[in-house]
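Beneath this line is the structure, given in structure tokens, with notes to follow.
The values are calculated or read from the model by the stated rules, or taken from the named source; none is laboratory data. The model shown is predicted, which means the values in this text are computed figures rather than measured ones. Glycine gets a Cβ as well: all are built from the backbone with ideal geometry, and neighbour counts include every protein chain shown. Remember, those area values only see protein heavy atoms, side chains included, never the ligands or the DNA or RNA. Shrake-Rupley method; radii C 1.70, N 1.55, O 1.52, S 1.80 Å.
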Amino acid sequence: MNETKEAAKLLDAALEKNPKHGLANYVKARMLLAEKQQAEAIRTLERAIDEKEPKALRLLGALQFEAKN
């Protein structure tokens with residue numbers, strides 16, 4: 001559990017420097033999904049749209065599709 005908290009701190013630090021970082025937003029969204037925070041995960045992924053990170057865009061599309069069904 002401590003490793004997860006440390007990873008979250010590092011992600012937050014990276015996102016402070018570059019809020020649109022595609023991979024960092026993708027990993028953060030995955031962590032949020034593990035905590036059942038789908039709406040926050042979607043908001044997190046939406047920040048990564050400009051970075052064109054394929055993993056982030058694919059996950060965002062899947063979550064938005066799920067939310068509509």
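Of the conditions (1) touching a helix residue (DSSP H, G or I) at 6+ places or on another chain (Cβ under 8 Å); (2) open to solvent by 100 Å² or more (accessible area, probe 1.4 Å), Lys17 fails just one. Which one is it?
Of everything listed in (1) touching a helix residue (DSSP H, G or I) at 6+ places or on another chain (Cβ under 8 Å); (2) open to solvent by 100 Å² or more (accessible area, probe 1.4 Å), Lys17 misses just condition (1).
Being part of a helix (DSSP H, G or I) and not aliphatic (A, V, I, L, M) is the filter here; which residues of region 39-53 pass it?
Those that are part of a helix (DSSP H, G or I) and not aliphatic (A, V, I, L, M): Glu40, Arg43, Thr44, Glu46, Asp50, Glu51.
Do we have Ala8 as at pLDDT below 95 and in a helix (DSSP H, G or I) here?
Yes, satisfied.
Okay, residues lined up against (1) open to solvent by less than 90 Å² (accessible area, probe 1.4 Å); (2) among the aliphatic types (A, V, I, L, M); (3) over 11 Å from the mean Cα position of the chain (by Cα):
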{"position": "Lys28", "(1), (2), (3)": "yes, no, no"}
{"position": "Arg47", "(1), (2), (3)": "no, no, no"}
{"position": "Pro54", "(1), (2), (3)": "yes, no, yes"}
{"position": "Arg58", "(1), (2), (3)": "no, no, yes"}
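So, Leu23, is that one touching a Gly at 6+ places or on another chain (Cβ under 9 Å) and surrounded by 12 or more Cβ atoms within 10 Å (Cβ to Cβ) or not?
No; evaluated as a whole, the condition is false for this residue.
Residues Lys20, Lys36: which one is in a loop (DSSP other than H, G, I, E, B) and either in contact (Cβ under 8 Å) with a residue 60 or more places away in the chain or on the phi < 0 side of the Ramachandran plot (or both)?
Lys20
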